[in-house]
Amino acid sequence: MLSVDWVPEKHRLVAGALQRAAKLAGDEVMKSILATQFHTTINTCIRCLHSQALRLQSTLRDEARVIKDGSHWDVLTKGDVLAQRVVMRELTAVLGPNIPFVAEESGESGAVPDGTLLASVNKETGAIQERRFITIDPIDGTSNFACNGSDWSVALCEVVDGKPITAVVYLPRRQTMLTAVQGHGCRRNGQPTPPLPDRPLERSLVAAEMGGFIGEEGLQKLLRFPTHSLGIRNAFSTTGNVDDLLLGITALFLHLRGGSIWDFAPTALLVQEAGGVVRDAEGERLVWDHLMGSLQPTGVIFAASPAVMEQALSVLEAPSPDVLAEARKSTVQALFESLQTMQGSAQASFLGEDCVWETMPSSVASASPPRGKAMHLRWMAATMDEFTDFRIEPRDMVCQGDILFCHCRSHATHKLLGPYGQDYTFTFYFEPGSGGKLRRVKEFVDSKFSVEFFTAVHRKRKKAAAAKLAKL
Ligand SMILES: [Mg+2]
C-alpha cells in the first residue's frame, strides 16, 4: 500500500483508510482475489490488476446493467454495487461505525452493507446534515466502465465543516492513485504532482463533460471553447478529466451540469492542492454541504491557473449567439430611431471609436468617401439638416456572427425638393462579442435615386444662387 508518511499525523488514519478502501474497491471490481493481493506491494498489485482488467471489466459491465432515474445516460452496473459495498465495509471496519457516508448508490441496489451509516440528507434541498462525512463514488465514469473504457475510478473524500479534507481517487486502469490532504499537496502514486502548466487558454487543450445531462444551454456554451483554445477532449469521467489536468494535458476542465458532491469534492481538493483553481460555473467558491446534482445543478470549473479560470468565465459569461443577435437588432433599430431626432450626433453612442462608415456603390461613393467616426457624425448632422421628419424603417434583419444585414426604406421630406424616400441595404459589423458597438458600416444606397435626387438638389441650389446673384 502507498505510504501516507507525508500526511500530517492527525490525517493519517483517514488518508490511509481512504486509499486502502479505494484500492480495495477498484481491485475487487477488476478481480475477485483482492484479499490476498492487498498485502503485496502496490507495484505487484498494479501489474497484476492491469493484466486482468479487461477480462473482469467485461464480466462486470454487462451484469445488472440498469438505467437509473429514467435517464439513459445514468447507468448502474454490478461493478458500482460491488465497489461501494467494499468501500463502506472497509471504511466502517477501520474508522468505526459512526462515520456517515454520502454514497452514490442507494440501499435498494444492494450497495449499502449492514452496519454502515448513511448521512442524513434533506430530500428536498439536498442539504447534508452532518458536520463530518465521507463521500463515495464507487465508480466514477460508469458509462466508460460499461463501454469498456479505461477512464473510471473509485473516488472518496472526507469532508469536514463544508471543506474537503482528504481525497483519494484510484484509477485502476490508469494505474494511478491520486491523494490529497488539505494544505499538504497532491500526490500521484505517492509522488508530489508537478506544477500545473501556466499556458493561456488559446494555447491549451480543454476537457469538457459532454452529454445529454449538460442540457442544451450548457452544450451551446461548450461549443464556444474550440475557438478560444486548441480544442476539446473528454475522458468522460470527472476523475479521468481531472487526472488529465493534473498531468498537464489540459489546462481547463468544464463540468457544467450533472455531477454531485461525490464527483467534485475529491477532484476539487486534488486540483486545488496541485495549485489549480476550482469554482462553480458563476466563478464563486464552492461550499461542500449539499448533494449538488439534480437537486442543485451547480456546474464546476477546474483550471490550471487563475488566469485560465478568468478566461473560461469570460467565455461562459458572454451572451449566447441568440441573445447577442437580438441585442444587435435592437441596436440597429435604436440607431435608425436616433435619426428621427434630426441630429447626426445621436448616432455617436453606437459607433466604436475606430468605426468607419462607407457609402456604396461606387457610383455615389465618390461623393462620399469612407468616413471615420467624427467625420461621419459631422456629415450626418449636415445631411439631416436638409430634411424634416426623416425616418428609416427596417424591413429584414439577419444576424450572422458579428455581422448584421438589414434591408430598409427611408421616408422623409427634403426642405427644398419635398418627398424623399429610397431603399438601402446596410451591412453592420459589430465589435466581437458586443451587442451595441459598431466597428464598420457599409451603406448600400439606391444609386440611381440618390444621384438623380441630389443632382436635382444641387441644380436647384445653383439656380437659386444664380437668381440671388441676378437680383444684386
Ligand atoms: Mg458513479
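Every number in this text was worked out from the coordinates using simple rules, so none of it is lab data. The shown structure was predicted, so the numbers you read here are calculated from the model rather than taken from an experiment. Cβ atoms come from the backbone with ideal geometry, glycine included; neighbour counts cover every protein chain shown.
Round to the nearest 10 and give me the degree value, 0 to 90, for the angle of helix 9-30's Cα axis relative to the longest principal axis of the chain.
Result, in degrees: 90.
How tilted is helix 261-273 with respect to the longest principal axis of the chain? Cα atoms for both, answer in degrees (0 to 90, nearest 10).
Approximately 80 degrees, to the nearest ten.
When the Cα centres of the range 416-472 and the range 14-30 are compared, how far apart do they sit, in Å?
79
What FRET efficiency comes out for R378 versus E353 if R0 is 22 angstrom and r is the Cβ-Cβ distance? Round to the nearest 0.05.
After rounding to 0.05, the efficiency reads 0.90.
Helix 42-61 versus the longest principal axis of the chain: what angle, 0 to 90°, nearest 10, using Cα atoms?
Roughly 70 degrees between the two axes.
What percent does the relative contact order of the chain come to when contacts are Cα pairs within less than 8 Å and at least six residues apart? Write out the running numbers ahead of the final one.
Working: 971 pairs, mean separation 47.8, N = 472.
Taking the mean separation of contacting Cα pairs over the length of the chain, I get 10 percent.
Using only the alpha-carbon atoms of the chain, report the extent along each of the three principal axes, biggest first, to the nearest angstrom.
Principal axes ranked by extent give 119, 42, 40 Å for the Cα atoms.
Each label point is 7 Å from the Cα along the Cα-to-Cβ direction; what then is the distance between the points at D389 and S362, in nm?
For D389 paired with S362, the spin-label model returns 3.9 nm.
Run the numbers for Q333 and W6: contour at 0.36 nm per residue of separation, minus the present Cα-Cα distance, in nm.
111.2 nm
About the Cα centre of the chain, how large is the charge dipole given +1 on each Lys and Arg Cβ and -1 on each Asp and Glu Cβ? Please answer in debye to the nearest 20.
The calculated dipole for the chain is roughly 2040 debye.
Do any chymotrypsin sites (Phe, Trp or Tyr not before Pro) in the range 247-347 lie in a DSSP loop with no more than 10 other beta carbon atoms within 10 Å, and if so, which? Write down the numbers at each step before the final one.
Details: sites: F253, W262, F264, W288, F302, F336; in loops: W288.
Passing both the DSSP loop test and the Cβ count: no residue.
What's the ranking of 462-470, 350-358 by average number of surrounding C-beta atoms within 10 Å, highest first?
Numbers: 462-470: 9.3, 350-358: 16.7.
Packing proxy ranking, top to bottom: 350-358, 462-470.
Got a sec? Charge dipole of the chain, +1 on Cβ for Lys and Arg, -1 for Asp and Glu; which of L117, V159, T359 is way out at the positive end?
The residue sitting most towards the positive pole is T359.
Order 78-90, 392-404 from most to least packed using the mean count of other Cβ atoms within 10 Å. Walk me through the numbers on the way to the answer.
Details: 78-90: 24.3, 392-404: 14.3.
Ranked from most to least packed, the peptides come out as 78-90, 392-404.
Separation between the L417 and Q340 pseudo-spin-labels, each 7 Å from Cα along Cα→Cβ, expressed in nm?
Label-label distance for L417 and Q340, simple model: 2.5 nm.
Where the centre of each part is set by its Cα atoms, how far does the range 348-382 sit from the range 256-332, in angstrom?
Taking the Cα centre of the range 256-332 as reference, the centre of the range 348-382 is 42 Å away.
Under a plain spin-label model, where a point goes 7 Å from the Cα along Cα-to-Cβ, how far apart in nm are A307 and K471?
It works out to 7.3 nm between the two label points.
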